[in-house]
Every structure is written in structure tokens, then in C-alpha cells.
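Report on the structure given below.
What follows draws every value from the coordinates through simple rules; no lab data is involved. If you're wondering where the values come from, they're calculated on a predicted model, not measured in any experiment. Cβ placement follows ideal geometry from the backbone for every residue including glycine, while neighbour counts extend to all protein chains displayed.
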Amino acid sequence: MSGTIVVGSQWGDEGKGKVVDVFSAKADLVVRYQGGANAGHTLQVDGKQTILHLVPSGVLHESTKCVIAAGVVLDVATIAQEIRALKTNGLLQNPTQLLISDSCTLILPYHKRLDAAREKALGNEKIGTTGKGIGPAYEERASRKAVLFGDLFQPDSLREKIEASIKEKNFLLENYYKEEPINVDSVMEELKPLTDELAPYRCKDTSLIVHKALKVKKKVLFEGAQGSLLDLLHGTYPFVTSSSTIAGSALVGTGIGPGGIEKVVAITKAYTTRVGSGPFPTELDDELGAKLRDVGKEYGATTGRERRCGWLDLVALKYAIRVNGITNIALMKLDVLSGFEKIKVCHAYELDGETITEYPVTPGDLARCKPLYKELVGWSEDITGAVDMKDLPIQATDYIQFVGNELATPIDVVSVGPGRKQTLWLKPLFA
Ligand code: GDP
Ligand code: IMO
Ligand code: MG
């Protein structure tokens, strides 16, 4: 058993990219299995920042293979651009380091156009999507009409498939949304050079590669995108993304069974953020929220949007631990809490006059929940230089202990800054 699934336990942007990069030093394979370029995963090494949307966050380690499995919706223009930038920076010099499944669903310009048109039509009720075409692409997959990455390399049938898809989208765009139609020729023109560029990364069956690696006990990391509360089935529906973001999705999206999975690590911010619309009980609409945003640099890595900020929510986290089967926690951005005199943690909600400690899954209920808080004493010291738990002020270790006890799950990693080295290990990931 050598598989470790890394998932976001909140509404995304917990620091998955940083943790996967740090863990990757010892991993043989890193697999992205769902989502698309809606993800923005930030890695920071020696002060240099790399933001990845589709390429797995193991790519900075030359000997770590990166796999994009069938469950991912692939924007070929974005990934080609990402690959170019990595190569310019001396990375990904060997094309065999990256494998893209032929079975990935393609995101084409019309998916983005439809995404935007739908959001516009929703007005104030909008989801607040990233505009990357995620919803329309997954819909097309479910409708069994998607164009797949492997189709790009079948020039005889590609145009026909794209034409069929565009016909339907154009009908919607023109007649329902009153938008300009998409031109087939321009899509084909755009795809031609990208197909040649991406050919070296093509892999017919990534599921087989991952299966073989697990069988010989190679160390495989599964890199989740988004967060548990954005899960299509188990998140804050309808304010969710269009893929399943919880740990089970790693199996489905890759095409493997559960037998090889040893750990499921929750990436958990020491407070909470959310981008886009939807309920957020512990949101701080005041100067404390603004301070979290300011100190934590809480602006989207994909869209640059301001992230909504609030206190840690244990009710939602316990739910995430349950639906993912979390075994270990990485507690991120603890440094951002330095300088808060008091730190609040939500331990229960009040819903319609009753106190509840189980997260309510019925759509609409969460929006009526009021957070009930426990208050902890903060600390003023800058902890970004800490290299060991002993370097932390007692109030910070109390906070870590309190959260670990409440969640009844071991906190193995504490992160005190965006850099690789700003990582405190309480227990090693791989024995
Ligand atoms: P992801 O989507 O889960 O990979 O997270 P993002 O990259 O979107 O957002 C996390 C942000 O926090 C990035 O800018 C990271 O560089 C940064 N970050 C990660 N860990 C820490 C930490 O411990 N402290 C601070 N201050 N920043 C961190
Ligand atoms: P990472 O992997 C935070 C949010 C959007 C919106 C909702 C639906 O960086 O954590 P979509 O474009 O997926 O249809 O938008 O999901 N969202 C994210 N929020 N981090 C992400 O990814 C997200 N990916 C999507 O803001 O609310
Ligand atoms: Mg992100």
C-alpha cells in the first residue's frame, strides 16, 4: 500500500499545491484526477513562485512522474502554455515526465463561452465560476458526446466530432443566450498547432501506469483540486464545481481500486476561505476578515478574485473528514494567524433555534446556520522562521493541539509560510 490521496478539506485554496510539491520530493508519481484549469496551485521555492492549473504539482522534481488521468477536463491551450513556461524555466526537459490520458475530456472554446453565458443569465444568482468551462465540459462528458484528448490525434474524425458538438452549443448560444455563435474553422485552426505540441505527452492508458506503480509499491500521490465543500454531490450544492472533489474521486478519476490507498491527507487552512457564491457560516465581513485576506494574500491564483475569509469551521471540517475518510491533516497558513489577539473556532451551529454539531447537507440549510464559537488566546510572534514545533509560541501549539483533538485526527504537518522550507513535520508522510 503506497498510495496517498491529498484533498482540500474546505472550499479550495487550502495549500494543496505547496504540500504536493513538498511531498513529491519522495514520490515516484503524482496524479491529477479531477477538475481542470479552474484549479490554481501555488508552489514557492527559494522565493520563486510557480502557479499550476493542470500540470501536477510534482513537476518541480525532475524524477517525479506527473500523470493527468481520465477524470480531468483538459484545456489544451492552457496546458500547452503551462508546459512552455515550465520549459523556459528549465523544468520538464524530458517529455516522458508528463503523461496525459487519451481519455481526458477536452475543454474547447465553446465550453468557456457557455460557462460565461450561463453565469450572465443567472445574474445575482450566479455560481461565481472561474469561467474555465468546467461545468459545460463535464456535462458534455455525461451526455456521451465529449471530444477526448485522444480524438485530437484522429484527424479524419475530429472535425466531425467538433462540428456536432458546436452545432448544439451554437443553437444554445444564439437562440437561448442571444450570444454570438462559435466558428468551427477557428476552433480547428487553434487546435492544429496544439495537437503537435502536446503529442509527446500522450498516454493511451494512465490507469495502467498508476496500477503498475502501486503494485510494485512505488509511492503515488493523488493531487486533488478544489475542496470537499465544492464537491458536486456532497458540497454546498448548487454552489459547487462540476466534479467530485472528495477522496473517492481519486479512484474513479484515475481508474483504480481502493486497495492501494494508505493515507488520505486533508489540506486544511488554519482559517477558512471561499471564492465565488454560496453559504459560508464563519465568514467575517469586517476588519478581521480584511486582515486575514491581507496577511494571507487571499486572492485567487486562477482568477485574481478576492477570497472571502473567516474563522476555522470544525463542523464543516468534521464532515469533510467523514466523507473523505481522512487519516491525517496538514494544517496550513498558521503564520497568518499571528497578531490576532483572540482566535475564534466554530464548534457548532445554531439552525432554526437549535444547536447542531452535524453539518447540514440539505441545500439551503447551511445558509441559515449561525456559527457558535470557542475563543482561544492568540500570539503576536512572527512564526514564519520556525523550523521546529519547539520554535512556536505556546498559544500556537495550543491552537494546533485544540484543532487536532476536536477533529480527532492527527495533524502531521504544520505550514508556517508559502516556501518549501516553511514546513514543520510532526510525522513523516512516507515511512
Ligand atoms: P491550492 O489551490 O490549495 O494549491 O492553494 P493556492 O495555491 O490557491 O492558495 C494557497 C496560497 O497560500 C498560495 O499563495 C500559497 O503560496 C500560500 N501558502 C501555502 N502555504 C502557506 C503558509 O503556510 N503560509 C502562508 N502565508 N502562505 C501559504
Ligand atoms: P483549487 O484547486 C477555490 C469554485 C469557484 C466557484 C465554484 C464553481 O485552486 O483549490 P467552476 O469554475 O469550478 O465551475 O466554479 O468552484 N472553485 C474554486 N475555488 N479553489 C479552486 O481550485 C476552485 N475551483 C473552482 O470559485 O465558486
Ligand atoms: Mg488554488
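Things to note:
- Our estimate of slack between Asn89 and Arg202, defined as 0.36 nm per intervening residue step minus the Cα-Cα distance, is 38.5 nm.
- Bins of 10 Å, starting at 0 and running to the largest distance - Cα pair percent for region 1-141: 11, 40, 34, 13, 2
- Each residue, Glu358 and Ser63, gets one label point 7 Å from its Cα in the Cβ direction; the gap between the two is 4.9 nm.
- Counting every alpha-carbon pair across the chain, the share separated by more than 41 Å comes to 15%.
- For the listed residue pairs Lys48/Lys269; Lys26/Lys297; Lys132/Lys178; Lys215/Lys297; Lys112/Lys342, the alpha carbons are over 32 angstrom apart in Lys215/Lys297; Lys112/Lys342.
- In region 105-200, taking the dipole from charged Cβ atoms about the Cα centre, the farthest positive-side position among Ala199, Ile127, Ala116 is held by Ile127.
- Magnitude of the charge dipole, the chain, Cβ model with Lys/Arg +1 and Asp/Glu -1, debye to 20: 1000
- Here the Kirkwood formula, the inverse mean of 1/r across different C-alpha pairs, assigns region 164-282 a hydrodynamic radius of 18.5 Å.
- Selection of trypsin sites (Lys or Arg not before Pro), region 375-428, meeting DSSP coil and at most 12 other Cβ within 10 Å: Lys421
- Rounded to the nearest 20, the Cβ-based charge dipole of region 1-138 about its Cα centre (Lys and Arg +1, Asp and Glu -1) stands at 220 debye.
- For Ala247, the amide hydrogen comes within under 5 Å of no other amide hydrogen, counting only partners 5 or more places away or on other chains and with H modelled in the peptide plane.
- Cross-link partners of Lys87 among aspartates and glutamates, defined as those whose alpha carbon lies under 13 angstrom from its own and excluding same-chain residues fewer than eight positions apart: Glu62, Glu197.
- The distance between label points at Lys427 and Tyr176 comes to 4.9 nm (points 7 Å beyond Cα on the Cα→Cβ vector).
- Loop-located GluC sites (Glu not before Pro) in region 6-104, at most 10 other Cβ atoms within 10 Å (DSSP): none
- Between Lys269, Lys342, Lys370, the residue with the greatest mean-square fluctuation in the GNM of the chain (Cα pairs under 10 Å linked by springs) is Lys342.
- Restricting the trypsin sites (Lys or Arg not before Pro) of region 107-167 to loop positions (DSSP other than H, G, I, E, B) with no more than 14 neighbouring Cβ atoms within 10 Å leaves Lys126, Arg144, Lys145.
- Spacing of the two label points (7 Å from each Cα toward its C-beta) at Arg368 and Glu189, in nm: 5.5
- For region 105-200, the Kirkwood radius over C-alpha pairs fed into Stokes-Einstein at 4 °C and 1.567 mPa s yields D = 93 µm² per second.
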